[in-house]
Each structure stands twice: as structure tokens, then as C-alpha cells.
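The values are calculated or read from the model by the stated rules, or taken from the named source; none is laboratory data. What you see is a predicted model; the values in this text were computed from it and never measured. Please note: Cβ atoms are built from the backbone with ideal geometry, for glycine as well, and neighbour counts cover all protein chains shown.
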């Protein structure tokens with residue numbers, strides 16, 4: 001399981017670069033943290049989903065798996081962003097919190113739910 005998590009984490013690093021860059025641009029142009037975080041996530045998660053399906057879990061990237069992954073992780077991104085807006089958390093702190101939470105929760109959800117489902 002360590003090898004699988006290491007692969008997932010490697011893809012997560014690239015995901016975070018994508019996510020942070022998009023979040024920064026959207027927030028700089030006036031988006032709320034919740035919208036900036038959710039939008040950035042949607043773009044970055046597409047990369048992560050396909051990369052993890054192929055490289056980490058060595059399985060097919062199906063429409064059902066994609067929907068399950070994006071809906072769950074998108075709700076997580078939106079929840080973190082809304083909490084950050086409500087508590088007026090610094091945007092960089094929001095990104096760090098989401099990055100840490102999403103790598104752990106995302107791995108467990110991917111490993112035991114999304115890529116375990118037979119489609």
C-alpha cells in the first residue's frame with residue numbers, strides 16, 4: 001500500500017501546483033475562496049483522476065468512476081472553501097488545509113471506493 005500511496009502523492013504534488021495556480025488567479029480577480037477553490041479543484045482533479053487511474057491504480061478511467069470521484073472531492077473542496085470564507089481564513093492557509101485533507105481523504109476514497117468498484 002505504501003507504493004500505491006507514494007504514486008498517489010506524486011500525482012498529488014502536480015495536482016496541487018495546478019490547483020494553487022488556478023486558485024491564485026481566480027482569487028486575485030475577485031472570486032470568493034469557495035468559488036476559486038472549487039473551480040481550481042475541478043480542473044486539477046481531472047488531471048489527477050486520469051493519472052491515478054492509469055499510473056497509481058492501473059485501472060480503467062470510466063465515466064462512473066470519474067463522476068464518483070469529482071462529486072465527492074468537489075464537495076470536499078467546496079466545504080473547505082465555504083468554511084474558509086465563513087471564518088475569514090487566509091487564502092494560503094485554505095490551500096494548505098485543503099491540500100492536506102484532500103490527499104489523505106482522496107487516497108482512501110480512491111483506493112477503497114472509486115477504483116474498487118467494478119464497472
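Annotations
- Taking every residue in region 99-119 that is surrounded by fewer than 18 Cβ atoms within 10 Å (Cβ to Cβ) and pairing it with any residue that is at pLDDT 95 or above and not in a loop (DSSP other than H, G, I, E, B), at least 6 positions away or on another chain, the pairs with Cβ-Cβ distances below 6 Å are 119/64.
- Verdict on residue 59 being outside any helix (DSSP H, G or I) and under 23 Å from residue 112 (Cβ atoms): yes
- Given (1) part of a helix (DSSP H, G or I); (2) free of Cβ contacts under 8 Å to residues at least 40 places away in the same chain, index of the condition residue 85 fails: (2)
- Lone qualifier among 68, 95, 78 - being surrounded by 15 or more Cβ atoms within 10 Å (Cβ to Cβ), in contact with a helix residue (DSSP H, G or I) (Cβ under 6 Å, 6 or more places away or on another chain) and modelled with pLDDT of 95 or more: 68
- Of the numbered criteria (1) part of a helix (DSSP H, G or I); (2) free of Cβ contacts under 8 Å to residues at least 40 places away in the same chain; (3) under 23 Å from residue 114 (Cβ atoms), the one residue 96 fails is (3).
- Flag for residue 52 being closer than 15 Å to residue 95 by Cβ and either buried (at least 16 other Cβ atoms within 10 Å of the Cβ) or in contact with a helix residue (DSSP H, G or I) (Cβ under 9 Å, 6 or more places away or on another chain) (or both): no
- Unique match (being surrounded by 16 or more Cβ atoms within 10 Å (Cβ to Cβ), out of contact with any helix residue (DSSP H, G or I) (no Cβ under 6 Å at 6 or more places or on another chain) and either touching a residue at least 40 places away in the same chain (Cβ under 8 Å) or not in a loop (DSSP other than H, G, I, E, B) (or both)) among 35, 18: 35
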